[in-house]
Amino acid sequence: MLLLPLLMSLPGTLLSAVENKIVGALNLDSERATTLSILSQGQNIMDILFLFTASAIPDRTISILFYFIAITFAILGFLTFALRKTSFGNF
């Protein structure tokens, strides 16, 4: 249970950096707080869904959770690599 919050905070930190670059690239500096607030609400919904999913998996099938986390990190890694090649610059 201690590892799950850590795993959830890591993608959130990476996503925050990407969100700031997207807001800057779209020239939404005058509405930065509003835009980041809306994006943060989406992040909170994803956190809640992840926690419900994690609690729904019984202990005997814990390997499914590890596969889910591995696939999630693989997708995030691919998206990070893909975004580095776009106009948002290196982060």
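The values are calculated or read from the model by the stated rules, or taken from the named source; none is laboratory data. All figures in this text were calculated on a predicted structure; none of them were measured in a lab. Note that we place each Cβ from the backbone using ideal geometry, even for glycine, and neighbour counts take in every protein chain shown. The accessibility values were calculated without ligands, DNA or RNA, using every heavy atom of the protein model including side chains. Shrake-Rupley method; radii C 1.70, N 1.55, O 1.52, S 1.80 Å.
Observations on the model:
- Take region 2-47 with all the other protein chains still there, run a 1.4 Å probe, and you get 68 Å² of accessible area per residue.
- Full extension of the segment from LEU7 to GLN41, taken as 0.36 nm per residue of separation minus the current Cα-Cα distance, would add 10.4 nm.
- With the simple model of a label 7 Å out from the Cα in the direction of the Cβ, THR53 to LEU83 spans 1.8 nm.
- In Hz, Karplus ³J(HN,Hα) per residue of region 37-47 (6.51, -1.76, 1.60; θ = phi - 60°; x = Gly, Pro): 5, 5, 5, 5, 5, x, 5, 4, 5, 5, 4
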